[in-house]
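Take a look at the structure below.
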Amino acid sequence: MSWVKDKVFTNADEFLNWLDSKFGDYIGKHISENHVHHTWKPNHSNYPKYTTLQLHKNMRNFHVGTNGWDDIAQNITIGKDGDIVTGRDIRIIPISAKGYNGSTSWHPFAYEMIGNFDKGNDSFEGKQLESAIKISRYFHKKGKPVKFHRELLINGKQPKTCPGTGIDKNWFMGLVKDSKYDIGKSPSNPTPAPSVKPETNTGTNSSSSSNKAPQATGSLGLVDWMKSKGMDSSFNNRSKLATKYGIKNYQGKADQNTALLGFLQNDNNKPAASKGDMKTTSIVDYLNSIGVNSSFSNRKKLAQQNGIKNYSGTPQQNLTLLNKLRNGNSTKTATNKTPVFKVNAKVKIKSSAKKYATGQNIPSSVKGKTYTIQQVKSDRVLLKEIYSWVKKNDLA
Ligand SMILES: [Zn+2]
């Protein structure tokens, strides 16, 4: 069993295979917690001029040469692209957090993520997020608590904002604890579904849509994707774009970046995005525009089909659902059962219908007949011929 310094792994799976085969036993017996840090400096702006290994070595030089420590402080460094470089020997006490570094036989495992994740700076997303989650999950599963540096109080006070005010601990732990959460396929790192055509019963499928999806961008984070398109990926510009697409309070959080990426990819992908209302940021408006039942219960169904758990209609869930549907996920199951609620579409008032949406009784003479939709709202439509609002539930 020997630790190797400056060993580079391209992803967390590789690293964890190595770590567990060599030190799984040691970790069980001697590692107390997993400490999570961001470097603040260096950060994402140091790429691509430097590699993670170079930045990591610079940190060691600083820790040893300037701080006078025996080695680099952390056990590993996680780079911007999720790559991992080994630092301090896991069997030696790390220099993680004042007062919390433990003893030789019972000490934390500390990782540093290269980046400044205080709000308004670097984005914590993509492969880097994936590596951090997987590594913390490894320790979590072994019963080792995952601690953010800022939780390790000194005299009752936060020593730093580390690993950054932009990372919410509850959100982070939600990902760590959910083993089924496959980051590569999750809302935090959306993979467009290029092979799945949007399927609705409007009969207007465009056959070219499936070929135009941005196939090469599936695994890229927002910033990388914007760069690949030659866009300004600065926080300021992302913030501006977020506002444009209706993402409120943009702080560069992973879910916000995911939502923004979805909007940008759709705009970039017009031919595939030609169906329905591609401008709106409302899931209800969008579903109505493609003739899909936009009621809460149907949205919940669609959310479930698209892997969104515990749908309660939060703005973030709605945005995620909107992106997924626009990116080509199927709405078919839902549409099979419901009529098309679209302006000029024909619908029939069910004979079981009792009252108009506005409360008055529906006379039996108008039931069972077909009418034209003039206007669509979330739960009701206006029928042209009788100029009355009828609940969607009462239509077939
Ligand atoms: Zn820290």
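Would you point out which residue out of ILE31, ILE78, ILE27 is at pLDDT 95 or above, within 16 Å of the ligand (Cβ to nearest atom) and of a type in the set (A, V, I, L, M)? Before the answer, list the steps.
Values: ILE31 fails: within 16 Å of the ligand (Cβ to nearest atom); ILE27 fails: within 16 Å of the ligand (Cβ to nearest atom).
Going through ILE31, ILE78, ILE27 in turn, just one is at pLDDT 95 or above, within 16 Å of the ligand (Cβ to nearest atom) and of a type in the set (A, V, I, L, M): ILE78.
Can you name the residue in the range 1-24 that is in a loop (DSSP other than H, G, I, E, B) and under 11 Å from GLY79 (Cα atoms) and is also nearest to the ligand (Cβ to nearest atom) among such residues? Step through it out loud before you land on a result.
From the range 1-24, those in a loop (DSSP other than H, G, I, E, B) are 1-7, 10-11; that's our starting set.
Those left that are additionally under 11 Å from GLY79 (Cα atoms): 10-11.
Details: THR10: 25, ASN11: 23 Å.
Looking at residues that are in a loop (DSSP other than H, G, I, E, B) and under 11 Å from GLY79 (Cα atoms), I get ASN11.
Count, please, the residues in the range 34-53 that happen to be of a type in the set (S, T, N, Q), away from the ligand (no atom under 14 Å from the Cβ) and surrounded by 14 or more Cβ atoms within 10 Å (Cβ to Cβ). Before you say what the answer is, go through the steps one by one.
Taking the range 34-53 first, the residues of a type in the set (S, T, N, Q) are 34, 39, 43, 45-46, 51-52.
Among the residues that remain, those that are also away from the ligand (no atom under 14 Å from the Cβ) are: 45-46, 51-52.
From what is left, the residues that are surrounded by 14 or more Cβ atoms within 10 Å (Cβ to Cβ) are 46, 51-52.
Total meeting the criteria: 3.
Any residue that is within 22 Å of GLY221 (Cα to Cα), of a type outside the set (Asp, Glu), more than 16 Å from the ligand (Cβ to nearest atom) and not assigned by TED's automatic domain parsing to the domain that holds ASP224 - is there at least one of those in the range 105-112?
Within the range 105-112, none of the residues are within 22 Å of GLY221 (Cα to Cα), of a type outside the set (Asp, Glu), more than 16 Å from the ligand (Cβ to nearest atom) and not assigned by TED's automatic domain parsing to the domain that holds ASP224.
Report whether or not GLU130 is within 16 Å of the ligand (Cβ to nearest atom), under 21 Å from HIS44 (Cα atoms) and either of a type outside the set (Phe, Trp, Tyr) or part of a strand (DSSP E or B) (or both).
No; evaluated as a whole, the condition is false for this residue.
Looking at LYS144, is it away from the ligand (no atom under 16 Å from the Cβ) and either over 17 Å from the mean Cα position of the chain (by Cα) or part of a strand (DSSP E or B) (or both)?
So LYS144 fits the description; yes.
Look through the range 147-179, keep the residues that are exposed (fewer than 14 other Cβ atoms within 10 Å of the Cβ) and small (Gly, Ala, Ser), and return whichever of them is nearest to the ligand (Cβ to nearest atom).
Out of the qualifying residues, it is GLY156.
Which condition breaks for THR372 when tested against (1) of a type in the set (Val, Ile, Thr); (2) more than 29 Å from ILE247 (Cα to Cα); (3) part of a helix (DSSP H, G or I)?
Exception for THR372: condition (3).
Inside the range 81-96, can you point out the residues that are within 12 Å of the ligand (Cβ to nearest atom) and either without any contact (Cβ under 8 Å) to a residue 40 or more places away in the chain or out of contact with any Pro (no Cβ under 7 Å at 6 or more places or on another chain) (or both)?
ILE95, the sole residue that qualifies.
Would you list the helices (runs of 4 or more DSSP H) that sit entirely within the range 196-313 and hold 3 or more residues that are of a type in the set (A, V, I, L, M, F, W, C) and either within 15 Å of the chain's Cα centre (by Cα) or at pLDDT below 80 (or both)?
The helices (runs of 4 or more DSSP H) meeting that bar are 222-228, 254-268.
Name the residue, out of GLY79, GLY115, GLY120, GLY87, that is surrounded by 20 or more Cβ atoms within 10 Å (Cβ to Cβ), in contact with a helix residue (DSSP H, G or I) (Cβ under 9 Å, 6 or more places away or on another chain), at positive phi and assigned by TED's automatic domain parsing to the domain that holds ILE154.
GLY115
Is it true that VAL64 is within 30 Å of GLY126 (Cα to Cα) and β-branched (Val, Ile, Thr)?
no
Out of curiosity, is HIS56 within 23 Å of ASP118 (Cα to Cα), surrounded by 18 or more Cβ atoms within 10 Å (Cβ to Cβ) and either touching a residue at least 60 places away in the same chain (Cβ under 8 Å) or outside the structural domain of LYS142 (by TED's automatic domain parsing) (or both)?
no
The values are calculated or read from the model by the stated rules, or taken from the named source; none is laboratory data. All figures in this text were calculated on a predicted structure; none of them were measured in a lab. Glycine gets a Cβ as well: all are built from the backbone with ideal geometry, and neighbour counts include every protein chain shown.
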